[in-house]
Every structure is written in C-alpha cells, then in structure tokens.
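Rule-based calculations on the coordinates, nothing more; no lab input. For clarity, every value in this text was computed on a predicted model and none was experimentally measured. FYI the Cβ positions are ideal-geometry reconstructions off the backbone, even for glycines, and counts take in every protein chain you see.
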Amino acid sequence: MAKDMSKKKIAIVGGGISGLLATIKVCELGGEVDLFSYCPVKRSHSLCAQGGINACMDTKGEHDSIYEHFDDTVYGGDFLADQIAVKGMVEAAPKLIKMFDRMGVPFTRTSEGVLDLRNFGGQKHKRTCFAGSTTGQQILYALDEQVRRWEVKGSVTKYEFWEFVRIIKNKEGVCRGLVAQNMNTMEIRAFKADTVILATGGPGQVFGRCTASTICNGSAVSAVYQQGAEIANPEFIQIHPTAIPGSDKNRLMSEACRGEGGRVWVYKDGKPWYFLEEMYPAYGNLVPRDVASRAIYKVCVHMGLGINKENRVYLDLSHIDSGYLERKLGGILEMYSEFVGQDPRKVPMEIFPSVHYSMGGIWVDRKHNTNIPGLMASGECDYQYHGANRLGANSLLSAAYSGTVSGPEAMNWAKTGNKGSELTDAELEAARREVQNEYDKILTMNGSENAHKLHHEMGDLMYKYVAIERDNNGLDACLVELKKLLQRWDNIGITDHSPVANQEAMFVRQLRNMILYAMTITKGARMRDESRGAHAKIVLENGKQKHDADGELVFMGRDDKNFMRTTIVTYDPKTEEPIISYREFDHSLIKPRARNYAVAKKE
Amino acid sequence: MADKVRFIIERQDGPNDKPYTQEFDVDYRPGLNVVAALMEIQKNPVTVDGKRVPPVTWECNCLEKVCGACMMVINGRARQACCALVDEIQQPIHLAPARTFPVIRDLLIDRSVMFESLKKIQGWVELDGSWEVKDAPIQNPYTAQTAYEISHCMTCGCCLEACPNVGPQSDFIGPAPTVQAYLFNLHPLGKFDAPKRLNALMEKGGITSCGNSQNCVEVCPKSIKLTTYLAQLNRDVNLQALKNIFNF
C-alpha cells in the first residue's frame, strides 16, 4: 500500500507511557508516527512505577473530591506548579483510569469487582488505583498493545534500538526533524517530521546510582537544551525515602508499603523509635517523600541512629497479615527477597533514600510546546505538574495525562502551525553529517580516562553536593568539579572501535550531555536561595553551616517573594555554562500557605 | 569466598562472526549480580590474561527483573542477569547469549520475533478509542487476579530459549506469545475477539506445535503457570475448531 503523503508525520522520541499515549492520540487523529526508543518500547522505564496512579474515584465512601486531589498536589509541590495545568490533570484522572480499565490494565479489584484504592503519601484519602505493586508495568503493557495495533494498521513505524541524537531546525528556526543512530548497526540517519515530541523520561543516571533504569540518562533533554530549549526547575530532584541501596542501582521499595500500613523506625535507647509518626503526627508514615527522606537522613547522618550506625532504617511490614501483603504488594516483596535474601513478610526491610525522579525538565506551555517551535516535551522529561515535590502516584498520572495533551497538540501544530520551510535534502544530509563527524571523532578518542569511571565520579559528586541537603559552598564546589569533569571528558580513551552495537562510543556521547545537564541542576540549586519541596538549603554563617542553640542545622525558609517563580535555564554555547533566570507562573487558584505535615492540612 | 569471581563469557563480534570465549575476573562484593559484574568489566575490560579488549556487549534497563531486557544463558540456564546473584550460582560463571534468537554481538540478541508474534495473536483489546466512552465493565476479581499473573510476562524469551520446539525445526511462536492470547480472552471486552485469537493459534506455529515438554514453566522468571494456560488454550482452540466446523 502506498503511503499517503498528505498525512502528518509526528516523530515521538521515547516509548514510555507518555510517548505511547501521545502516539495513540496522533494515530486516532489520522497522523503517522515514527516512534524512536532505546529499547523495545515494552521495556521502557515506566514499568518501574510500582505503587499506583492517583485519581479521584471516590469509591471508598471517604467523600474524596477532585478539588482535594488538586489541593494535595499543589500543596505537596510546595506551590511551585502551574495551577491551571495541575487542575487539568486531576480533572482528567478518573477518565484516564476508566480508559486503562477498558484497555485491559489488570487493576486490583475489591470483592465487588470495582477498582480497589489505597493510601499514598501526602493524601488523606484513598485515591491510588493500583495493579498489585506493578502498576507502571501493567499500564505500559496496555499502551504497548494498543500501539502494536496501530503498528499493524500501518500508522506507527517503530525505530527501536535507535538513539535520538539531536533535532534539526529549518532556516526559520523551527524544529522539522531529527537525527538518530541505530544502536546495533550504528547507522546515522536524518528524519523529517512535522512535529517532534520528546518523551524521554528523567535524568536519574546523572546521579549514578538511583532508582531509574540505565537508559534514564537525560541525554536527549541535554541535547535539545544545547540546541536552545529551555530547562525549567532542574534543581528539584526527588529523593525517594525508601529504596534498597545497591552498588549497581538503588531498587525502589514502593511508597505503597507505607500506604498499606508499613512503619519506618530505628532503635533509639534500645527501643523502636517510629520517628515519622512522632515528628509528623498528622500524616505519620505517609508524609510526602521530601519530608520522609530528610527525616531519615537526619536520623542516620546527624543523629547516628541508623541500623548498625550505617545509613539504613527499617521499613516494617512484618506486623501485617501475609496473605494481605501478598495480594497488595506481592511483586515488590518478591523483589526484596530476591535481591536481599530476606523475607519482608517476616523481618523489617532495610532501606535508605535514593534519587528517584526529576520534577524539573524541559520548559513547556500548558499544551506541552517547548520554546522551540515544532518541538514538544511530554512526561518526566518536561517540568509541568509537580512543582517542587511530586506526590507519590502522581507520576503515572502526569505521564499519561501529558501524552493525551501533547499528542493532539502535535497534530494541531502539524496542521496549522507556522512551520516555515521544509527541510531540503541538503539540510538533512548536513545535519546527518554533523552527527556522523562527531561520532567518528569519538571513535578516535585515545586518552587515559574511562567513560564509565567518569560517570561514577559524577554520581558521587552529585550525591555529595546536590542531594538531600545542599549549601552554597558545596554547590559552588560541585560546579567547579563538574567543569573539570567536562575537561576530562576530552581525555577519554575508547577501547571499542567496533562497527556493531558500540555501546561504549554511544555512552561517551551521552556522558557529555549528562555532565552538561548536571550543571543545570547544580546551578539551579545554587541560585535558588530558599528551601522549597525537595530543595533544602542550609544557612551559611561565616562560611560554615549554621546550627541553632540545640545543635540542629538551620535551613533557609521558603521565600515566596523572591522565589515563587519558575527557574529557567538556558545554555550558553560560548562558555557551555547554564544561564539562570526566573519566570512567573499561574498560582491564582489556591493561595500559597505554609506547608506543614505535622498538622492536618488547612485549606 | 574468593576475592575474585571468574566469568567465562561467550563472545561474538557481529551477527555473522564466529563465537569465542574470554575470561574475566571481577572483585567480589556482597550482593554482586551478573549485570553489576558486567558493569565492572566495562570500567576495566581486561581479560585474565591481561589483554585489553572491547567491553562485553549486553542489554539491560531496569535491573529489577521487570523489563526483561537482560535475559541471557547463565551456567546453561536462560534467566535474567540482574537478579542472578553471584553468591547463589556456581563459579566460574558461564555467560552465553540465548541462541534461540539471532545474536547481534556478544550477549546481545534480537528478540523482535516475539513482538511480531504478539501481532499474530492479536494481543490487544479492540478499543473504540482512547476517548471517554463509558464506565469500564465490572470484573470478577478472581479472573482479574489470573489476568494480573499472565500480564506479568515481560517478553524476555526465557521460555522460548528453554522450549525444545522453538527453533529452526519448527514454526512454534513459543509459550510466551501463545499464552498472551489467553490473557486477552479473559478480558470482558477482549473476549469479543477470542475466536480470532483462537483461529490464529490453529495456524502454523500455533498451539499444535507445543510439545508439552513443560520446560517453559520451569524457567519463567515471573512464575507464570504457562503450561496450565497452554492446556486451557488447547481446549479453547479445539472447541473453537468444532464451532468452526458446525458453525455454532
């Protein structure tokens, strides 16, 4: 069958939940999709989301409301999220759940056969729909199946095992295509598109060990940042309180553990101390992630009360009926047993906070357009919806919702946008050639540095200076060190010169992007002189961290006057450094108020 | 416990090159798994003979046994490498690609055939669209639990690697894609198209190619009761064949 040349062509980079939903929306509107992914889309990182997806279904007799979900999200995000955007998301949530249910997502059900709901952090009502403890996997699979259906119909062409390298702009500066490289044959090719959507996920690998998959490196985001896309709020990195520390990765233990009654504790004076319940009586173990992570960090690092004085606390499910646990949390308890060798149904798990999610990302408007015309961003790689801290189970929601917005808007732009000139064959070839030259140059690198070792060092650096507690001395030092890493990148030596599946050469290219992205996180944090959500900054006095009379660290407060604004980062091609500015956003619906989880929320 | 762990790795430079083996030593540490060990080799790709070689190529993503990417043959058995803990397996550790699938390089294989098979069995619900239609139907929670079990299949290919009937001698699409047909036939909307899926399984490479060797259920990393569902599908397919003949 001959291809219909009048059909609009949308290039979507990333086959996680956001990218796949955008794909489906484009196909339904009659467009064609070129879908690019590091891996078969069924293996995308969305499948690591465990605990659930928030939507006000109100099927538990608790009088939950969409407004309450809205308020919890805005309050949980410490008033840094665009409220109009958040409102759109929470209103759409119940409809999305019904759609997933029709698609065949095997949600956990009550005895009556309706969707079960569980508690999650920062929310007082049962609002989290879930499929056991593998909700992301199940939602991703349902979307993968629907996209396969569109593939059979000829609307989707998958480019799996292709790495996005850069966008191509026409002479008017409009994004009209991209360059990608086949990860097995190493072929580099330029592709035309009417709109490009990046749905490439988060940058967890910038921190080395994190809960993210190895493919979540932020490289694509950094690439478009270097081509003029604005990054917003990159300093807001979520540290998940409960992960199993590991040398290859920190494996997530879902917040659902706490949602289903799990308690966090350490020994103090020989007795179990349920410190979250004591510090935050209103929310107890279900405080939001930033709050729980800081408390665990304080108990271990500042009070020295970690298990065996190490950076570990107990997450305890052993008091809960094991049949109930099996039904609600089976998948992750099995994972803990498998990787740790202990049964969490019988003994408390040992966990510690880990880098988990980026609230920040590419700046987008409410339709998910970036500042580069023709380029859109969707899912974790954008900055929308979560402000300074994301609530648990809002990530699957934002991934899905953003796809339902970006897909139709991509078609709208393709049909009515001011796209300027088509890319000529010469322009396509020039873009391809540029990437080819860069790649060929990497293959000739013969310095003394190993890219994987540099990556490891960068991770250590970011954990040391830009994680749970930050201060301006450390952030300044980190920027200096990152610049050194960038110089050392030039001195990398390649051992692999193979023309087949050369993972080392591709990693070298990604690593440079990652270093530049790390600089946006660090600089964003350096310039934001306040504490808000996941960004907690210690006051310096005479160049040293300040302590109060009780010896407790003193943190900066939230500064709405100066910093209730979106951080905007642009790339300076001359110095390669990030330039920081701030932008107003809409917070007109819910008036900012102090965020305090020790007491019940007041509206 | 020795300070070093010895890996004997079957390598292959490209799809058409001859396999060869190389040996590497990796520093032992508690909790070390095969993927973590391969990452160490990346940082210092030197064989036990002191030869600097290109790092070993393999596929991995999640390292939590949910993505299915890192399937390889470890000490003769197909499994996920991320949860293969060095402490729990015999040393030296032999790694090889799953040769049921075409090898691209080293341990990296091409499993696209499985995704093609999911097209054949029409592994999806025929949705009107992603827009709002109505409330989804209530589902029997017990049926939903069975669906949840089968829906864990991560298309890793362990069961195809272990199945004696998957290979050049047969067209069998393998246990994993076959059993997915059962999943969609369970769904209240998916079952509308059950006859299509069952008819697809009557064709060449379908369920009649299953020799009931029971290897699949032994190796499934998600403990899916593959043989149970294959047996039920076999009944469903036979029933469908009768329906086709007698037109009822």
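Spin-label pair residue A:591-residue B:20: with each label point 7 Å from Cα along the Cα-Cβ axis, the two points sit 7.6 nm from one another. With Rg and the Kirkwood Rh both taken from Cα atoms, where does Rg over Rh land for region A:13-165? Rounded to two decimals, Rg over Rh is 1.01. Distance from the alpha carbon centroid of region A:473-504 to that of region A:252-326 works out to 37 angstrom. One way to sum up the overall shape of region A:425-559 is the equivalent ellipsoid from its Cα gyration tensor, whose semi-axes run 40, 17, 11 Å, largest first.
Volume per residue of the convex hull around the Cα atoms, evaluated for chain B, comes out as 158 Å³. With a simple spin-label model that places each label point 7 Å from the Cα along the Cα-to-Cβ direction, the separation between residue A:437 and residue A:278 comes to 6.4 nm. For residue B:191 and residue A:473, what does the FRET efficiency come to when R0 = 45 Å and r is the distance between their Cβ atoms, rounded to the nearest 0.05? With a Förster radius of 45 Å, E is 0.10. For region A:226-378, what is the per residue volume of the convex hull drawn over the alpha-carbon atoms, in cubic angstrom? Expressed per residue, the convex hull around the Cα atoms of region A:226-378 is 163 Å³. Between region A:173-201 and region A:70-126, the C-alpha centres lie 33 angstrom from each other. Here, region A:329-441 is characterised by an Rg to Rh ratio of 1.18, where Rg is the alpha-carbon radius of gyration and Rh the Kirkwood radius.
As a calculated quantity, the FRET efficiency between residue A:171 and residue A:572 at R0 = 25 Å, using C-beta atoms, amounts to about 0.60. Compared with the dominant Cα axis of chain A, that is its longest principal axis, helix A:17-28 is turned about 50°. Charge tally for residue A:443 (other residues, Cβ to Cβ under 15 Å; Lys, Arg +1; Asp, Glu -1): -3. Note that region A:92-155, at 4 °C in a medium of 1.567 mPa s, gets a Stokes-Einstein diffusion coefficient of 100 µm²/s from its Kirkwood radius over C-alpha pairs. Could you list log10 I(q)/I(0) for region B:4-109 at q = 0.13, 0.18, 0.23, 0.25 Å⁻¹, which the Debye formula gives when each Cα is one point scatterer? Relative scattering, expressed as log10 I(q)/I(0), comes to -0.41, -0.82, -1.39, -1.61. Over region A:199-304, the hull volume per residue, using the convex hull of the C-alpha atoms, is 135 Å³. The residues packed around residue A:160, meaning those with a beta-carbon under 10 Å from its beta-carbon, carry a net charge of +3 if Lys and Arg are +1 and Asp and Glu are -1.
No solvent, one uniform scatterer per C-alpha: report log10 I(q)/I(0) for chain A via the Debye equation at q = 0.05, 0.10, 0.11 1/Å, two decimals. The calculated log intensity ratios at q = 0.05, 0.10, 0.11 Å⁻¹ are -0.20, -0.84, -1.03. Please work out the C-alpha center-to-center distance from region B:33-108 to region A:215-231 and express it in whole Å. Each part reduced to its Cα centre gives a spacing of 30 Å.
For chain B, the 222 nm mean residue ellipticity estimated from helices alone, with every DSSP H stretch of n ≥ 4 adding -39500 (n - 2.57) and the total spread over all residues, rounds to -9500 deg cm²/dmol.
Relative contact order of region B:4-109: 33 percent, from C-alpha pairs under 8 Å at least 6 residues apart in sequence. Among the trypsin sites (Lys or Arg not before Pro) within region B:114-144, those in coil by DSSP and having at most 12 neighbouring Cβ atoms inside 10 Å are B:134. Legend: ranking of residues A:265, B:131, B:58 from fewest to most surrounding C-beta atoms inside 10 Å; resulting order B:131, A:265, B:58. Legend: residue pairs A:126/B:196; A:126/A:591; A:367/A:441; A:153/B:204, Cα-Cα distance threshold 31 Å; pairs beyond threshold, A:126/B:196; A:367/A:441.
With only Cα atoms counted, region A:38-123 has Rg and Dmax values of 14.6, 44 Å. Taking other C-beta atoms within 10 Å as the exposure proxy, A:365, A:101, A:382, A:64 rank A:365, A:64, A:101, A:382 from fewest upward. Using the alpha-carbon atoms, what tilt in degrees (0 to 90, nearest 10) does helix A:322-340 show relative to the longest principal axis of chain A? Approximately 70 degrees, to the nearest 10. Of all DSSP bridge pairs formed entirely within region B:4-109, close to 85 percent run antiparallel. Three semi-axes describe the equivalent ellipsoid of region B:112-246; taken as square roots of 5 times the Cα gyration tensor eigenvalues and ordered largest first, they are 25, 18, 14 Å. Other residues whose C-beta falls under 12 angstrom from the C-beta of residue B:182 contribute a net charge of +2, scoring Lys and Arg +1 and Asp and Glu -1.
Across peptide A:114-125, the average count of Cβ atoms from other chains found within 10 Å of a residue's Cβ is 1. Beyond 15 Å, the tail of the calculated P(r) for region B:47-114 holds 57 percent of the Cα pairs. In percent, rounded to a whole number, the relative contact order of region A:425-559 is 28, using alpha-carbon pairs under 8 Å and six or more apart. Against chain A, whose longest principal axis comes from its Cα atoms, helix A:503-527 is set at around 60 degrees.
Remark: relative contact order (chain A) = 21 percent; criterion is Cα-Cα distance under 8 angstrom and separation of 6 or more residues. The calculated FRET efficiency for residue A:63 paired with residue B:140, based on their beta-carbon distance and R0 = 30 Å, is about 0.60.
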